[in-house]
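Derivation of every value follows stated rules applied to the coordinates shown; laboratory data play no part. Everything numeric in this text was worked out from a predicted model, so none of it was measured. Quick reminder, even Gly has a Cβ in these numbers, built from the backbone with ideal geometry, and neighbours come from all protein chains shown.
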């Protein structure tokens, strides 16, 4: 459905998500990966989305966090010819702020998204009973375990279930140190990952939202420039801003956009 429909998928937390047959990238690209990157660099974000939809068809999805600036890429998909049939995958960790759930509902209805809500089969209560409150230990290893259970494994299982060859996200090169090294198209865990907004600046994002009268995330007015889980996000302050406010300052990436197999390099 494409009228703002929402499907919820509960996924296994085992590494079975990474055990499906690997996508043969060479067989689904019409050109070498490096040539595709050069081609994409000369396109607008909207045309990058259009290229991916034509290249991968039903094997293409868009992922979103419904974060502070998520409305831009979602709106571009909404305006894209044929974009209404592209599934939008959202990993709901069960720990998001109430404002994010409100924002997700607002944008889903306004843009008519075909939303697929993905969740771990391990409930937050069960996870805390077994592992404790992993985000409170001050350990990067514990944070990686948390992200594997609540984010990476559920996403990978959903992409398997949807037979995805390429997934697009709204990451930008100015957000983290690692993202400065990203290309417009990369191989991530045996799938291609497209970054249509990689070369955009915060100013371009702001003006796009103004021009198209897109609603801001409710926490933007409270000083947040980025938001994820409630326990690992904070408004910008004197000592930290942007991604530095995430995960208690221990790390900048949750693992979704990093290469490597599940549980490795996340």
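Here are some notes:
- As a calculated quantity, the FRET efficiency between residue 161 and residue 137 at R0 = 25 Å, using C-beta atoms, amounts to about 0.20.
- Length released on extending from residue 37 to residue 201, taking residue separation times 0.36 nm less the Cα-Cα span: 57.1 nm
- Rounded if a/c under 1.5, otherwise prolate or oblate - the stretch 47-88, Cα gyration tensor axes: prolate
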